[in-house]
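Contents: one structure, followed by commentary.
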Amino acid sequence: MLSWTAQGRSVVKPRNDSFTSGDTVLWRRNEDRFRLVKTPDGVMAAISDGAGGAGLFCGPWAETLVTRLPKSPLAGLKALNQWMDGFCLTFRAEYAERSKATPARHSKFIREGSFATLVAGWLTYRQGRVMLRWLGYGDSQMMVFDRTGRQPVLAASYPTTLSALDRAPFLLNWKDMPREASLHGGEMALPDRATVVLASDGIGQYLLLRTLASLARPASATGMLGEFQRLSGGESKLGQAARAHRATPPPCVSTELATLRDSLKSDHSFAGRVRALFDKGLLANDDSTLIMLDIDLR
């Protein structure tokens, strides 16, 4: 018997900032978007993080990406290009029209475009197994936790290295062709008891670092754990974050997942959890979007 639950929430950064436009003070909006939808044989989940530091209309562009995403998996650069060809020019025309009354904004939009990440997962049940097909572009994250043992184990992760989170990612833009080197994806059979997490970079980085902080720390650690130990001695933003997590008492991953899952019951509770983690210095001041899919196959 198969049972699964799917929950998602998105909140603006805990310490929001404002800017002036003429005589009006405007607060920055959440540029993240997410989507959860049933498919004929499972569920599709996606997150797009609109980049606030470059381009214009990045939130609407992120919304276009998740809204237009098909219920069947996209696989490979050709499929991604063909999909984007169906709406890029329409998006450009609509938002060029919206910005034409302000020449400087119009020029910036045409020159720079709009930037956003995309991470998506398609879960299907077939031949007695739950299969996950996934796609990633940019630094929004995907993690698979195997819950068949006493404690959840990180069975898969995208990006596959911490160093990928420590450098500026290439993003999808309506005006540029996607880069094959920046597109990642795959397929895996999920454990009988699993939790699939999709997250924007801040909250995803938090969960990944908490998971790594829970592991033993042998001197000869390799992979992500080795990166975690090396980074915690550095001064990059990710290094400072790794050091903060390393200095915090090791978490119980099962409790960590349960607390995050419980916070997704409402926007208020998720915002409260994000604020608490930010106040502890364990979460960056960024928009936070989180999807958790729990699969139990008996």
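Just one of the numbered conditions (1) β-branched (Val, Ile, Thr); (2) in a helix (DSSP H, G or I); (3) buried (at least 17 other Cβ atoms within 10 Å of the Cβ) is not true of residue 295: (2). Meeting the requirement of 3 or more residues that are over 16 Å from the mean Cα position of the chain (by Cα), the strands (runs of 3 or more DSSP E) wholly within region 136-201 are 153-158, 183-189.
A count restricted to region 96-118 and to residues that are among the small types (Gly, Ala, Ser) and over 27 Å from residue 201 (Cα atoms) stands at 5. Screening the candidates 168, 189 for the property of being free of Cβ contacts under 8 Å to residues at least 24 places away in the same chain, aliphatic (A, V, I, L, M) and out of contact with any Asp or Glu (no Cβ under 7 Å at 6 or more places or on another chain) yields one hit, 168. If you filter region 129-146 down to residues that are open to solvent by 30 Å² or more (accessible area, probe 1.4 Å) and either in contact with an Asp or Glu (Cβ under 8 Å, 6 or more places away or on another chain) or free of Cβ contacts under 8 Å to residues at least 12 places away in the same chain (or both), you find that the one that is farthest from residue 52 (Cα to Cα) is 131.
The set of residues from region 56-88 being open to solvent by 80 Å² or more (accessible area, probe 1.4 Å) and either among the acidic types (Asp, Glu) or farther than 28 Å from residue 121 by Cβ (or both) comprises 63, 85.
Every residue, every condition in (1) of a type outside the set (D, E, K, R); (2) open to solvent by less than 10 Å² (accessible area, probe 1.4 Å); (3) out of contact with any Pro (no Cβ under 8 Å at 6 or more places or on another chain), yes or no:
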position	(1), (2), (3)
194	yes, yes, yes
199	yes, yes, yes
207	yes, yes, yes
214	yes, no, no
221	yes, no, yes
234	yes, no, yes
238	yes, yes, yes
247	yes, no, yes
259	yes, no, yes
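When residues in region 20-43 are screened for being touching a strand residue (DSSP E or B) at 6+ places or on another chain (Cβ under 7 Å), at pLDDT below 90, part of a strand (DSSP E or B) and open to solvent by 70 Å² or more (accessible area, probe 1.4 Å), 2 of them pass.
The values are calculated or read from the model by the stated rules, or taken from the named source; none is laboratory data. As the structure is a computational prediction, the values presented were derived from the model and not from experiment. FYI the Cβ positions are ideal-geometry reconstructions off the backbone, even for glycines, and counts take in every protein chain you see. Surface accessibility is based on the protein's heavy atoms, side chains included, excluding ligands, DNA and RNA. Shrake-Rupley method; radii C 1.70, N 1.55, O 1.52, S 1.80 Å.
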